[in-house]
Structures are given as C-alpha cells and as structure tokens.
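Q: Before I ask anything, here is the structure I am working with.
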Amino acid sequence: MGKKLTVVPGEAPSPLERLVDDYLGHCRGQGISRRTLNAYEFPLRRVLLPWARRAGVSRVEELDRRMLDRYAAELHVGNPVTGRLLSRDTVHSYLRPLRQLLKWAAAEGETVPATPKLPPLKRRLLEVLSLEEIDALEDAAATERDKLIIRVLADTGIRVGELVQLRGDAMARVPFKAFKPGDLRLLCIKGPLEGKRFVIARSPMVIGRDDGLDLTIPDGSVSRRHAEIVLGPEKAEVKDLGSRNGVFVNGARVASASIRPGDTLRVHKSLFVVEEIPPRPQPRKS
C-alpha cells in the first residue's frame, strides 16, 4: 500500500506581509516599470520581511521610531540576508521603498507611527571640460557644423540626445524686423573681447582690426576692415568686406546675411551673439 501524504498547513502570512503584497499590487496597477518594481520588491520581500520575522514585528503599527532606527542600524552594519557590508547608497535604496510603503499605508487608513529617515547621500561631482579643452575641441572640428555643435553643447548644457531630437517646429524664431541704431548689441562669448558688449550705435557699424573702427578686434588674423553691419528699413544685415578668413552667421560662411537677436556672428576666432537691447522703462508720471 502506498504511503499516505499528510498536508501540513503553511504559516499564515502576517498583516505586515499582506500589506507588502497589497502595496506591490498597487504599484503594478499604477503601471510602474518592471525594473522599478524589482527595486521595490527585493528590499521589502527579501530584506524587510525576514528581518521583521526575526524581530517579532508582524504589524505596521509596531514599526515605531525605535524599531525603524533599529532596522536602519542593522542595515548599516550589514545586509541581513548575506551579511555583507552595505554602502550608504544601498541602505538608502533599501529604506526608500519602506518609506514609500508606509506613506501609502497611511493614505489607505493604516496607523503608521513613523517613517524611516533616509541617510544623506554624497553629492556626485561630475567632471566637465574646461574652457581651454572646449576651445581645443572646436579648433579641431573639421567642419563649421561640427564647430557649431560643440559650441551649442558647451554654451547651453543641452544633452546630445536632446540636441539630435530637435526639429524645426521645436524652435521659435524671432521674425525679421527693422532696427534703428541703439536697438541691437553684440555680446562676445569667445575671443580676445570675451564678456564685452558692443552697441550697434550707427549704421553701418564697421568691424576689423584697425584702430578707430566701430568694433576693433585685436587679432592679427582679422582683416583691417573685415565686415560691417547695416541696419536697413526691413532688417539688420552683416556683410563681408572681402576679408581673408570670412564671416560666419550661425556657423555658416556668408557674403551677406540677415541677422536678428539670438544669431551668432563669428569673425575668425571671435564669436558674438546678437542681442536686442531692452527698452528703458518710462518714468512714472507724478
């Protein structure tokens, strides 16, 4: 005759275990990604619940401040499962799901005496390129397009992924309009005049290396009379005056081109941004 099998009833889950199950079910219902769900599930099921059983904690009401501090202290000593020493970042990642669980439980009407304090994390300092390194990259770029990409990334802090996803309808252009002397100025963002602003106070405004011009650039590679900016009745325009190294608007070499606020103008290694001068506030009438 065969042996009889005896069914031994399993241990009923504690209220705290059922609460963890309900919370993880709530997370799934909210459409949380599987990766995030795993980041919640392991600390709660594999770390918190085994510790709670050893500590005799079966209900959320028993997780008061002293008990939570005890749990956090044991995490700092080592992983309750493997015994390995945990970093502060890992302890933070274990306590954060518990904190979220308790906040959700409180919103559901459970009695939650306290929530765990998260250990402070060290601020991560990201290494960035120096201005000299950025200039070296720009000088080494083979095309004006590559030079412009490097400069945009450096000046704006935009990420490469964000830059390549830009489309025409994502950019707002200022329409061409007439400007009179004193409406525009040039801000030098690269070159020997970096940081200085030059008001386009008359038309034409002549740019070059000669002394006495409207804008003198102390650079031997800039032509004596390199370019000029003309303020016409419908638009502002920059013209190359037969220079050797050319004039570039928004990274493209031009013989003449319309410019407006936000455009870049490059004369050899000097890079300028066109700015519109804000109107002066009118004095209040008494």
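Laboratory data are not the source of any read-out in this text; all were calculated from the coordinates shown. As the structure is a computational prediction, the values presented were derived from the model and not from experiment. All Cβ positions, even for glycine, are placed from backbone atoms using ideal geometry, and neighbour counts span all protein chains on display.
Q: If amide H atoms are built 1.01 Å from N in the plane of the peptide, which residues on other chains or at least 5 residues away come under 5 Å of the amide H of residue 200?
A: So residue 200 has HN proximity to 182, 184, 185, 186.
Q: Could you give me the ³J(HN,Hα) list for segment 99-105, computed from phi with Karplus coefficients 6.51, -1.76, 1.60 and θ = phi - 60°, whole Hz, x at Gly and Pro?
A: 4, 5, 4, 5, 5, 5, 4
Q: Fully extended, how many nm does the chain gain between residue 250 and residue 276 (0.36 nm per residue separation, minus their Cα-Cα distance)?
A: Working: separation 26, 0.36 × 26 = 9.36 nm, distance 1.66 nm.
Here the answer is 7.7 nm.
Q: Show the residues, 5+ positions off or on another chain, whose built amide H is closer than 5 Å to the amide H of residue 263.
A: Here 274 satisfy the definition.
Q: Between residue 51 and residue 230, what length in nm is gained on full extension when 0.36 nm per residue of separation is reduced by their alpha carbon distance? Working shown, then result.
A: On the way: separation 179, 0.36 × 179 = 64.44 nm, distance 7.70 nm.
Contour length minus Cα-Cα distance gives 56.7 nm.
Q: So which chymotrypsin sites (Phe, Trp or Tyr not before Pro) in segment 174-270 are both in a DSSP loop and have at most 16 other Cβ atoms within 10 Å of their Cβ? Could you put the intermediate results ahead of the total?
A: Details: sites: 176, 179, 198, 248; in loops: 176, 179.
Taking segment 174-270 and a limit of 16 other Cβ atoms within 10 Å, the loop chymotrypsin sites (Phe, Trp or Tyr not before Pro) found are 176.
Q: Right, something else. So what's segment 202-277 giving for Cα Rg divided by 2.2 N^0.38 Å, two decimals?
A: On the way: Rg = 11.4 Å, N = 76, 2.2 N^0.38 = 11.4 Å.
Normalised by 2.2 N^0.38 Å, the Cα Rg of segment 202-277 equals 1.00.
Q: Packing-wise, with mean Cβ within 10 Å as the measure, how do 250-261, 89-100 rank, highest first?
A: Highest mean packing first, the order is 89-100, 250-261.
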